[in-house]
Amino acid sequence: VFMGGTINFGFKNVDKRWEIHEEESKYVKKIFQMYEQGISRKKIKVFLDSEGIRPRRSNTWNLQTILTMLKNRVYVGEYVWKDKESDEEFKIVLPQIISHSLFNRVQKKIEKNIKHYGNNSRKYNHLLSDLLVCSCGQNITGRTKKTKNLKHPIISMYGCRSRDVSFLGKE
């Protein structure tokens, strides 16, 4: 039974029932298989965008959308609908696109990747990074830049984080 809203990628609404969208479901399987094979979400995004496959609410894929899909049990045929008034939950059985075994292998891979995320991100320590604040309110953080200068192949500097977050519209 379809409960309204935007139906998940890979499915279609036929007479208020969830049915598998043949074309999209091929890409759902491909997303899960690619991730299981160790292909990054960024490369999966590039693949989908280059194939002209569009997500439900945007022109291009978002890394978080891909992660949300990979974690969503709807693809193994399980959907939980919660009644807002009574807080009662109803389990709805849907057509299955992904096998439980593939889904479980992907979940283990996600856990492993999240556990190791950022382990390599700070190769250089900047003593003042956690102490300085710019007049705009953003933190001032240390940056390390590689140069072609053989005497000084690496230079360190401090800068306002607003430069890094301006593209997010958080100025």
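Dividing the helix sum by the residues of the chain, where each DSSP H run of 4 or more adds -39500 (n - 2.57), gives a mean residue ellipticity at 222 nm of -9500 deg cm²/dmol. D by Stokes-Einstein for the chain, Kirkwood Rh over Cα pairs, 20 °C, 1.002 mPa s: 108 µm²/s.
Counting charges near Leu70 (Lys, Arg +1; Asp, Glu -1) among other residues having Cβ under 10 Å from its Cβ returns a value of +2.
Note on the chain: dipole from Cβ charges, positive end direction compared against Gln107, Ser162, Tyr27; the farthest Cα belongs to Ser162. Mean separation of Cα pairs under 8 Å and 6 or more residues apart, divided by the residue count, gives the chain a relative contact order of 13 percent. Listed by chain and number, the aspartates and glutamates whose alpha-carbon sits under 17 Å from that of Lys145, ignoring those within fewer than 8 places in the same chain, are Asp164. Electrostatic bookkeeping for His152 treats Lys and Arg as +1 and Asp and Glu as -1; over the other residues with beta carbon under 11 Å from its beta carbon, the sum is +4. Legend: residues Lys43, Lys146, Lys109, sorted from most to least accessible area (1.4 Å probe; ligands, DNA and RNA excluded), read Lys146, Lys43, Lys109. For the cross-link pairs Lys12/Lys45; Lys45/Lys148; Lys16/Lys84, the ones whose C-alpha atoms lie over 30 Å apart are Lys45/Lys148. Placing R0 at 35 angstrom, the Cβ-Cβ distance between Phe47 and Leu150 gives a FRET efficiency of 0.30 after rounding to 0.05.
Taking the longest Cα principal axis of the chain as reference, the axis of helix 22-36 is set at about 40 degrees.
Basic side chains Lys and Arg get +1 at the Cβ, acidic Asp and Glu get -1 at the Cβ, and with that the dipole of the chain about its Cα centre reaches some 1200 debye.
Other residues with beta-carbon under 13 Å from the beta-carbon of Tyr27 carry, at +1 per Lys or Arg and -1 per Asp or Glu, a net charge of +1.
In the structure shown, the pairs Lys30/Lys71; Lys42/Lys109; Lys82/Lys112; Lys71/Lys91 are assessed against 21 Å; a Cα-Cα span above that value is assigned to Lys82/Lys112. Placing unit charges on the Cβ atoms only, positive for Lys and Arg and negative for Asp and Glu, gives segment 1-86 a dipole magnitude near 320 debye about its Cα centre.
The values are calculated or read from the model by the stated rules, or taken from the named source; none is laboratory data. These figures come from a predicted structure and were not determined experimentally. Counting neighbours? That spans all protein chains shown, and the Cβs are built from the backbone with ideal geometry, glycine included. The protein model used for the area step is the full one, side chains on, heavy atoms only, and it has no ligands, DNA or RNA in it. Shrake-Rupley method; radii C 1.70, N 1.55, O 1.52, S 1.80 Å.
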